[in-house]
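Each remark here refers to the structure printed beneath this line.
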Amino acid sequence: MAASSRAQVLRLYRALLRESQRFSGYGYRTYAIRRIKDAFRENKNIADSEKIEELLNKAKANLEVIQRQVTISQLYTTEKLVIESPGNT
């Protein structure tokens, strides 16, 4: 993988994780973060540049979906779950 491609993948990975942290719902937030990490881990050894480009485009589309869903989730907030309360260690 070329250095610029690697940097692009890492930038997209961080953007996906950062955006997923903005979900107001605990379940959505943890699910999105887990799926992002699993997907990137699963595809980390791909060397075919066409396949990498295809996966990058798919990830960019998913980032847009996450951004829309985060906006919607912030419009309809709910109470925090017990697991999210500080002091529950």
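The values are calculated or read from the model by the stated rules, or taken from the named source; none is laboratory data. Note that the structure is predicted; figures quoted are calculated from it, not measured. Neighbour counts are summed over all protein chains in view; Cβ atoms, including those assigned to glycine, are modelled from backbone coordinates with ideal geometry. All accessible areas refer to the heavy atoms of the entire protein, side chains included, with ligands and DNA or RNA removed. Shrake-Rupley method; radii C 1.70, N 1.55, O 1.52, S 1.80 Å.
Here segment 24-73 exposes an accessible surface that is 50 percent carbon and sulfur, computed with a 1.4 Å probe and the other protein chains kept in place. When a/c reaches 1.5 or more, the comparison of a/b and b/c decides; with that in mind, is segment 31-89 rounded, prolate or oblate per its Cα gyration tensor? Note, shape of segment 31-89 comes out oblate. A simple spin-label model places pseudo-atoms 7 Å from Cα toward Cβ; at A15 and E53 they are separated by 1.8 nm. At an R0 of 25 angstrom, the distance between the Cβ atoms of A7 and V65 translates into a FRET efficiency of 0.60.
Gain on full extension, evaluated as 0.36 nm per residue between T77 and Y26 minus their Cα-Cα distance, stands at 17.2 nm.
Whole-Hz Karplus values for segment 39-56 come out as 5, 5, 5, 5, 9, 5, 9, 6, 10, 5, 5, 5, 5, 4, 4, 4, 5, 4 Hz, taken residue by residue from phi with 6.51 cos²θ - 1.76 cosθ + 1.60 and θ = phi - 60°; glycine and proline positions read x.
Secondary-structure-derived ellipticity at 222 nm for the chain, considering helices only, amounts to -24000 deg cm²/dmol, per-run term -39500 (n - 2.57) for DSSP H runs with n ≥ 4. Need the C-alpha centroid separation for segment 44-89 versus segment 19-37, integer Å. Value for the Cα centre distance between the two parts: 5 Å.
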